[in-house]
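Chemist: Once you've had a glance at the structure underneath, I'll fire off some questions.
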2 protein chains.
Amino acid sequence: MKIGELSRATGTNIETIRYYERIGLLPAPDRTAANYRSYGDAHRSRLSFVRHSRDLGFTIEEIRSLLDLSDDPARDCGEADRIATAHLEQVEAKIAQLALLRDELARIVGRCRGGVSADCRVIEALGDHRHCESAHQGGPATLRQGQRQPT
Amino acid sequence: MKIGELSRATGTNIETIRYYERIGLLPAPDRTAANYRSYGDAHRSRLSFVRHSRDLGFTIEEIRSLLDLSDDPARDCGEADRIATAHLEQVEAKIAQLALLRDELARIVGRCRGGVSADCRVIEALGDHRHCESAHQGGPATLRQGQRQPT
DNA sequence: TATGCACCCTGTAGCCACTACAGGGTCAAG
DNA sequence: CTTGACCCTGTAGTGGCTACAGGGTGCATA
């Protein structure tokens, strides 16, 4: 199949597929006479693996390790479990951190009584960390980034 | 005060302070005879505002709007509340999304019984989305990024 | 045969919010 | 007079894509 079909089959942007090839996450496929990439089922399932892992929040480097493991069926499987477990712990830590943030934000919003900004409690609270009750630090600076849209 | 002192006073990397100046988030300060930046209290509190807002996950553009509001004490304060409320909703959405992820990951990890990777349930689950019970999509691809370290 | 259109190619630059580093200047203490 | 802490500018790198310029290919229709 050509790249457009693979893109539709896996819900992956064409540019992303070429990007994965460039960084060595997907093997370079054969080419047609017209120099078009030509993929088979092995490519499709490898890409599905990558996309699914990305959706679960694994980094490219983690996925590289996981792919190495699955490429060598004789290797010990404990490593895959360790990667996944470490990642789960990161996700849990992130949730806890965001929960602190949410509580702090909830305390801040809704304090506005519609005056002018000189009297604004929201702006005041942002300017003065001492108003805070928890150590919400290292926030989700990238909240809006890196999110794949549903396809 | 010089940039190093401002950095210590606000827990902000020196390079980050210069970056904020470059993008127009902080006003350019006066210079000493040796061309060193020289900050006053107004700079310090503006930078604290920025850092606190960043810690709460506001984007640079949101912070720009919030600073505009606080620079003009006569303006209506509702806008600040709207920005903060919208942000709170984003944080809540992110928490919900991460909770789905966590559940899915928890289902995947721990299935490993220590065999070889050919039989690995973890790798199998990553390769096949049909094993999943929820639509964990648009995951936290940037989980490890953009996080300020405590200082 | 010409033309349009969908699809493909490479290569490069941009996104966010920093962070790192090269290569230099300034200044006080020992 | 050297050491070391601090400061300066400018540029490039991070992750994981995404967008676009400028071109080629292949098939159906007028």
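Taken together, the values in this text are just the output of simple stated rules run on the coordinates, not laboratory data. Bear in mind that the values here come from a model prediction, so they are computed numbers and not experimental data. Neighbour counts run over all protein chains shown; Cβ positions are idealised from the backbone, glycine included.
Chemist: Out of residues 5 or more away from A:Leu56 or on other chains, whose amide H comes under 5 Å of its own, with H placed 1.01 Å from N in the peptide plane?
Modeler: Those lying under 5 Å, H to H, from A:Leu56: there are none.
Chemist: I would also like to ask the following. In straight Cα distance, which lysines are under 22 Å from A:Lys94, not counting same-chain residues fewer than 8 positions off?
Modeler: B:Lys94
Chemist: Something else about it: Using each residue's phi in the stretch A:99-107, evaluate 6.51 cos²θ - 1.76 cosθ + 1.60 at θ = phi - 60° and report the 3J(HN,Hα) Karplus result to the nearest Hz, with x for Gly and Pro.
Modeler: In residue order, the calculated couplings are 5, 4, 4, 4, 4, 5, 5, 5, 5 Hz.
Chemist: Show me, for the stretch B:25-33, the HN-Hα J-couplings you get by feeding each phi into the Karplus relation (A = 6.51, B = -1.76, C = 1.60, θ = phi - 60°), rounded to Hz, glycine and proline as x.
Modeler: 7, 10, x, 5, x, 5, 10, 7, 4
Chemist: In which sequence would A:Cys120, A:Cys132 go, from the one with the fewest C-beta neighbours within 10 Å to the one with the most?
Modeler: A:Cys132, A:Cys120
Chemist: Between B:Arg82 and B:Lys2, take the C-beta separation as r, use R0 = 25 Å, and let me know the FRET efficiency to the nearest 0.05.
Modeler: Working from the Cβ atoms, E equals 0.10.
Chemist: Going 7 Å from the Cα of B:Arg130 along its beta-carbon direction, which residues of the stretch A:46-67 have the amide nitrogen within less than 15 Å of the resulting point?
Modeler: A:48-49
Chemist: Return the sequence-ordered ³J(HN,Hα) values of the stretch A:6-18 in whole Hz as given by the Karplus equation 6.51 cos²θ - 1.76 cosθ + 1.60 applied to θ = phi - 60°, using x for Gly and Pro.
Modeler: 4, 4, 5, 5, 10, x, 10, 3, 4, 4, 5, 4, 5
Chemist: So what's the projected area for the stretch B:24-64, the Cα convex hull averaged over all directions, in nm²?
Modeler: 3.0 nm²
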